[in-house]
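Notes follow once the structure below has been shown.
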Amino acid sequence: MNFGQAISTCLSKYAGFTGRASRSEFWWFFLFQILVSIAAAMLGDIVSGLVNLALLLPALAVGTRRLHDIGRSGWWQLIALTVIGLLVLIYWWVQPTADGSNEYDPAG
């Protein structure tokens with residue numbers, strides 16, 4: 001998946017928390033989010049706040065789908081509230097796709 005496809009996919013699944021997201025989809029959207037946030041910060045605090053708020057839900061959705069892709073629940077994103085947890089999430093997000101079905105199964 002290239003940069004444009006990743007952005008298009010993530011924004012079309014704006015609040016889609018089901019399914020999977022590949023590593024490329026996740027990281028391209030992450031890069032897009034950083035670039036847009038930097039550009040918005042140059043325009044002012046209010047614009048930056050609005051842009052970051054608008055990108056929060058798709059970022060959480062693609063993060064959840066990425067965790068589903070490695071066989072974990074999207075609720076694991078809550079550990080990002082700690083520094084150690086953020087490092088664990090980054091480690092998980094760079095993992096290759098897990099074998100199995102296309103949906104996360106909380107029952108195992």
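The values are calculated or read from the model by the stated rules, or taken from the named source; none is laboratory data. None of the values given here were measured: they were computed from a predicted structure. All Cβ positions, even for glycine, are placed from backbone atoms using ideal geometry, and neighbour counts span all protein chains on display.
Selection of first residues in the range 35-64 that are modelled with pLDDT of 95 or more and of second residues that are part of a helix (DSSP H, G or I) and of a type in the set (Asp, Glu), restricted to Cβ pairs under 8 Å at least 6 apart or on distinct chains, gives the following pairs, ordered by first then second residue: Val62/Glu25.
Among the residues of the range 18-57, those identified as assigned to a loop (DSSP other than H, G, I, E, B) and crowded, with 16+ Cβ neighbours inside 10 Å are Arg20, Ala21, Ser22. If you check Tyr91, Tyr104, which single one turns out to be farther than 21 Å from Asn2 by Cα and modelled with pLDDT under 95? So the residue among Tyr91, Tyr104 that is farther than 21 Å from Asn2 by Cα and modelled with pLDDT under 95 is Tyr104.
The single condition from (1) modelled with pLDDT under 95; (2) over 11 Å from the mean Cα position of the chain (by Cα) that Phe17 fails is (2).
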